[in-house]
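Student: The structure under discussion is supplied below as structure tokens; questions concerning it will follow.
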Amino acid sequence: MAFESFQAFLAMGGHAPYVWAAWAVTLALLAGSGLHARVEHRRTLRNLARQVRRERRRDGAGAAATIQHDGGGPTNDSETQA
């Protein structure tokens, strides 16, 4: 065992304020990061739901929005000659 007692462990050889402060800051930052990710996830889902509702209203009464994609290339000779 590295320490003679639990009290010696808590004292950390006289460096306890620095060691435990570092642990506290690290845990606070990890918790804050997790909380921030959760808030951003909820905000993104809420914004996406709002966007879907807006597109459905714009496209008609409850009709699902359809996206048509032609491949992105030129469709006739006049576009390739430019």
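The numbers here are math on the coordinates, done by the rules we state, and not lab data. These numbers were taken from a predicted model, which means no experiment stands behind them. Virtual Cβ from ideal backbone geometry, glycine too; neighbours counted across all protein chains shown.
Student: I want to make sure I understand the PRE zone here: with the label point 7 angstrom from the Cα of Gln7 toward its beta carbon, which residues in segment 20-39 have backbone N atoms less than 20 Å away?
Tutor: 20
Student: Report the full-extension gain for the segment Ala22 to His41: residue separation times 0.36 nm, less the Cα-Cα distance, to one decimal in nm.
Tutor: Stretched fully, the Ala22-His41 segment lengthens by 4.0 nm.
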